[in-house]
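Novice: I'd like to ask you about the structure that follows.
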Amino acid sequence: LVAGSSLGARAVLHERSEELLRIQTTLTTEQVALRLEEFVEARLSHVHALQDHWSEGAITNEVDFQRHVIGLRRNVTGLVAVNWVDNEGVIRWVVPPGPNAAARGRSVSQHPIAGPILAEAKRTGQLRLSPPLTLFQGGRGFTAYAPLLRPDGQPGGSVNAVFRTQPLLELCLRQERAQGFEFSIRDGEGLVYESLSEQ
């Protein structure tokens, strides 16, 4: 009888701890989703600033573009590259040039995933994000396209910001990872990120 009571008590405690763990996991997931959205939005605000500089006439050539982007990249972690895409959808300027040499001259318009996103950005005049894809620079990530207008109101191509998924998410999730949480992030059916146990 005593053994039976003890086992029963353990089963109830185990059930309660599982419920608490479920609640904690749900709350943490919701908090992380909000923080991840804010994390990406904070980085995209710098892309919007580049749009403003372009429309004000502060960026008129590749040297101006490089100067503005180098300053931006100093303040934005997780940003692999910032490129200028011409009106035909071809990447013409890349910053930094070394690691992004593979992207120069590539046609975004012809890319099966990024092409429609660029077209949508140009059509709406609004910044658009791609789903996860294989980057021209190598590795997995996502890209942002922000259409540009010259001071005279004519189209001036687009700013293309490139983010690598793994380091960006590791940075965003480091607090929860330190608490022992593991994450699996999916986009539809595809796996975007999975943290591995450090135990």
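The values are calculated or read from the model by the stated rules, or taken from the named source; none is laboratory data. Just so you know, these numbers come straight off a predicted model, no measurement behind them. So basically every Cβ, Gly included, is an ideal-geometry build from the backbone, and we count neighbours across all protein chains shown. Ligands, DNA and RNA are excluded from the accessible area calculation, which covers all protein heavy atoms including side chains. Shrake-Rupley method; radii C 1.70, N 1.55, O 1.52, S 1.80 Å.
Novice: Filter region 119-128 for residues that are loosely packed, with under 14 Cβ neighbours inside 10 Å and in a loop (DSSP other than H, G, I, E, B); which is nearest to the chain's Cα centre (by Cα)?
Specialist: Ranking the qualifying residues of region 119-128, first place goes to Gln126.
Novice: A follow-up question, please. Looking for whichever is open to solvent by 70 Å² or more (accessible area, probe 1.4 Å), under 19 Å from Arg43 (Cβ atoms) and either at pLDDT below 95 or outside any loop (DSSP other than H, G, I, E, B) (or both) here; the options are Pro99, Pro116, Pro131. Which one fits?
Specialist: Only one candidate passes the filter, namely Pro99.
Novice: Being in a loop (DSSP other than H, G, I, E, B), touching a Ser or Thr at 6+ places or on another chain (Cβ under 7 Å) and at pLDDT below 90: is that true of Glu176 here?
Specialist: Judged against the criteria, Glu176 is not a match.
Novice: Are any of the residues in region 37-50 farther than 21 Å from Gly156 by Cβ, polar (S, T, N, Q) and open to solvent by 50 Å² or more (accessible area, probe 1.4 Å)?
Specialist: no
Novice: Starting from residues that are surrounded by fewer than 16 Cβ atoms within 10 Å (Cβ to Cβ) and in contact (Cβ under 8 Å) with a residue 40 or more places away in the chain, keep the ones in region 142-178 and report whichever is farthest from the chain's Cα centre (by Cα).
Specialist: Pro151
Novice: Would you say Ile91 is open to solvent by less than 60 Å² (accessible area, probe 1.4 Å), touching a residue at least 12 places away in the same chain (Cβ under 8 Å) and either of a type in the set (Asp, Glu) or not in a loop (DSSP other than H, G, I, E, B) (or both)?
Specialist: yes
Novice: So in region 60-88, with the set limited to residues that are hydrophobic (A, V, I, L, M, F, W, C) and out of contact with any Leu (no Cβ under 9 Å at 6 or more places or on another chain), which one is surrounded by the most Cβ atoms within 10 Å (Cβ to Cβ)?
Specialist: The selected residue is Val76.
Novice: Looking at Gly138, is it on the phi > 0 side of the Ramachandran plot and in a loop (DSSP other than H, G, I, E, B)?
Specialist: Yes, satisfied.
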